[in-house]
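The next block holds one structure in the form of structure tokens; read it before the comments.
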Amino acid sequence: MWTTTLALVLLGAPAGQEQTGASTATTDDDLRNAFVDLEDEYDEAKQEWYGLLSAAYQKAQESNGEIAFTEPDPIEPDWYPRFADLAVEGSIDAEVWCIVQHRYSGLDGDEAHADTRERYELVLSEARPDAMLQSVTYALMSDARASYAGKAYTPSPREAEAFAFLDAIDALTKSDDLRALTLYARGSALIPYMTPDDKKARGLAYYEKAANAYPKTEMGQRCAGYVFAGKNLKVGMKAPDIVGKDHDGNDLKLSDFAGKVAVIDFWGFW
């Protein structure tokens, strides 16, 4: 089992530092039930918020531009303290909720960083369900994400720390799907939107590792597509041949239209 001490050593914390867990006055079942009840209340409030959002959007649409669309205030700032209090009681589920929603904690700067680090260390101090580790992985991907604006590519100052926590997740799970996801998270963090080609190599290397190591997983296959796109779909390159069927069921290839103007429309449902 991944012990607290070993996790802290990996992440750079003093080996003698102890982490607090669940309150001795509260059973794990009590904490789980309390979290489920609180989450149900939050989900109900969130559905009401979505209703307000839809109504605001529809009102703006029907006004023909006379009324600007204004998103209703988020409800998370009001709910965060309740989940944080439950986390103090010892609920690991509440700890993960606070990690995912930490931007609503009201904390800034070093204080926010210290708080999230403590939560990550506690959650990753021992074996957890893969579904819980998956949520943490996506949060770490956000923490490690570089930014790109104009011609400025800025690595995240939390990249190394977040990647160390992803290493901890790899040590806690036996799931190929989750390990492929942690590799995707590293790659995605290094390739923000509009990243120039000369900055993509590190991210693509993680995608390629996921594709090669876990080819049977959904994320491994998705990463294989990203690698192909990164290497073959660039402005000025010859487009790879696309093979399919026309409306009459006849074979159709992009190369059949070489030398002609061709418009390809890609679409799908999400």
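FYI, it's all coordinate maths here, none of it is from the lab. Because the structure is predicted, anything quoted here is derived from the model rather than measured. Cβ atoms come from the backbone with ideal geometry, glycine included; neighbour counts cover every protein chain shown.
Side notes on the structure shown:
- Simple spin-label estimate for GLU62 and ALA201 gives 5.7 nm between the two label positions (7 Å along the Cα-to-Cβ direction from each Cα).
- Highest-first arrangement of 240-248, 30-38, 219-227, where packing means the average Cβ count within 10 Å: 219-227, 30-38, 240-248
- Here the residues ILE99, ILE264, ILE75, ranked from fewest to most Cβ neighbours within 10 Å of their Cβ, fall in the order ILE264, ILE75, ILE99.
- Packing here is the average count of other Cβ atoms within 10 Å per residue, and on that basis the peptides 195-205, 164-174, highest first, run 164-174, 195-205.
- Candidate lysines - alpha carbon under 25 Å from LYS46, same-chain residues fewer than 8 apart omitted: LYS59
- Cross-link reach is defined here as a Cα-Cα straight distance under 19 Å, omitting same-chain residues fewer than 8 places apart; for LYS238 the lysines meeting it are LYS253, LYS260.
- Tilt relative to the chain, helix 201-213 - C-alpha long axis, 0 to 90 degrees, to 10: 90
- The Cα trace of the chain gives Rg and Dmax of 23.1, 76 Å, the first to one decimal, the second as a whole number.
- Computed FRET value (nearest 0.05) for ASP176 with ASP246, which takes r as the C-beta separation and R₀ as 35 Å: 0.35
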